[in-house]
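Written below as structure tokens is the structure these notes are about.
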Amino acid sequence: MAEKLLTRKQVAERLGVSPVTFSRHRARLVAKGLKQVNFGQYPKYTESSLEKLIKRAAETGEEL
């Protein structure tokens, strides 16, 4: 099955923040494991890596 790619807006919605807030924290989230795929000038993010980040934060109490 193909990996679903999410836009900045979709990732922000899943995290419950604005796209601007996500953009401010993007580098930190990528460093923690959010996989980014560059597609032209608009990066996309893998759904599975976002889910892993959220799951790990929920299990460990770690801040995203």
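At-a-glance table
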read-out: Dipole axis of the chain (+1 Lys, Arg; -1 Asp, Glu on Cβ), positive-most option in V20, L64, S48; value: V20
read-out: In the chain, lysine pairs with alpha-carbon atoms under 17 angstrom apart (chain gap of 8 or more, or interchain); value: 12
read-out: Extension reserve of the R14-A58 stretch, reckoned as 0.36 nm per residue once the Cα distance is removed; value: 14.4 nm
read-out: Kirkwood Rh and Cα Rg combined as Rg/Rh, the chain; value: 0.95
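Each value in this text was obtained by applying a stated rule to the coordinates, not by laboratory testing. Just so we're clear, the structure is a prediction, and the values are computed from it rather than from any experiment. Cβ: placed from backbone, ideal geometry, glycine included. Neighbour counts: every protein chain shown.
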